[in-house]
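We did not get these values from a lab; they are worked out from the coordinates using the rules stated. From a predicted model like this one, the values you see are computed outputs, not experimental measurements. In this analysis, Cβ positions are derived from the backbone assuming ideal geometry, glycine residues included, and neighbour counts consider all displayed protein chains.
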Amino acid sequence: MPLTRARIGVLMGGRSAEREISLRTGQAVHRALLRRGYRAVAIDVDASVQEQLRTKKVEIVFLALHGPGGEDGTIQGLLEIIGMPYTGSGVRASAIAMHKVTAKALLDCHGIPVPPGTVVRAGRHGKDQSHRRGPVTVPPAGLRWPVVVKPAAQGSTIGVTIVHRRSEWRAALRRAHEYDQEAVVESYIPGREIAVSVLGGTPLPRALPAIEIVAPDGFYDYAAKYEKGRTRYLCPAPLPDAVTNRVRDLAIRTYQIVGCEGAARVDFRVTRRGRPYVLEINTVPGMTETSLLPMAAAKAGIDYDSLTERILQSALRRAQR
């Protein structure tokens with residue numbers, strides 16, 4: 001039996017650079033809800049989203065929006081104002097997680113290991129300025145090549161460059177600044193790419209099996225994420241037990257510190273000596289056929305439709321509150 005007879009609106013698409021992936025996530029979620037017997041409608045988000053919610057008589061929202069406008073607390077704020085329950089994290093946690101600078105500062109204050117780095121702002125005339133006074137050194141003070149340059153508030157590795165030498169520096173900044181006025185510059189951590197998904201619930205959140213991502217050329221970029229066959233995924237990740245326990249513990253702690261609800265995914269780099277660093281936390285993880293959250297859930301014995309229903313429960317808990 002469905003957990004609710006309320007009409008569910010699956011919000012997808014939007015206007016971010018991750019629109020196409022969001023549509024794929026939303027369509028897959030919509031189909032799963034229908035298979036489970038829910039009264040679900042698909043909504044491609046634009047400026048008329050509030051009117052669409054009204055005319056389609058939506059009572060609960062399942063958020064399948066990625067990137068700015070979907071994961072950054074803005075759509076969550078709108079839904080809070082109109083009193084519409086929704087899946088996933090709330091306004092504050094969404095805003096913190098989406099802005100990498102804020103998220104890293106918060107995690108660092110709580111003793112969560114994050115890569116050392118800084119922020120470079122785009123100036124009014126296109127010149128790059130550090131968040132501190134004075135000229136930007138290359139690489140920024142305290143860092144060595146290679147460094148990672150990325151927009152402060154984007155997902156799906158959009159606008160990200162691994163910079164190996166001085167000649168690549170300016171182009172990497174320009175690319176990041178196409179998407180955000182702030183570019184995060186941080187040390188590149190050699191090692192393994194690991195992702196741990198977390199499912200909220202009562203009484204405590206649950207970490208799903210860790211996944212190791214083996215991307216072509218060692219860079220898990222947009223194409224490597226979303227083109228079938230380009231990347232190998234090892235689930236569970238072949239890590240020593242102590243490292244596995246450490247990344248799962250860090251994932252849950254990160255989830256709790258940020259204040260997440262529903263499903264989230266924490267991305268790590270793990271050094272050759274087994275030291276993990278948290279790169280970021282995603283509060284609306286992808287749910288496509290190549291996404292990591294459904295893959296980890298399946299390894300834990302949770303099929304796609306059951307996973308969708310578990311995420312829906314976060315909206316039901318919000319409705320009860």
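Numbers below:
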read-out: Packing-based exposure ordering (other Cβ within 10 Å, fewest first) of L34, L279, L11; value: L34, L279, L11
read-out: Per-residue Cβ neighbour rank within 10 angstrom, fewest leading, D267, D305; value: D305, D267
read-out: Fewest-first sequence of Y304, Y38 by Cβ atoms within 10 Å of each Cβ; value: Y304, Y38
read-out: Shape metrics for the chain, restricted to C-alpha atoms - Rg then Dmax, Å; value: 19.4, 63
read-out: Fluctuation leader among S22, S94, S48 - the chain, Gaussian network, Cα springs under 10 angstrom; value: S48
read-out: Under the span-like rule (Cα at least 20 Å along the axis, Kyte-Doolittle mean at least -1.0), DSSP H helices of the chain; value: 19-35, 241-258, 304-320
read-out: Whether segment 34-97 is rounded, prolate or oblate, judged on the alpha carbon gyration tensor where a/c under 1.5 counts as rounded; value: prolate
read-out: Lysine pair number, Cα distance threshold 30 Å (strictly under), the chain, separation 8 or more or different chains; value: 14
read-out: Sparsely packed trypsin sites (Lys or Arg not before Pro) within segment 53-87, loop by DSSP, other Cβ within 10 Å at most 10; value: none
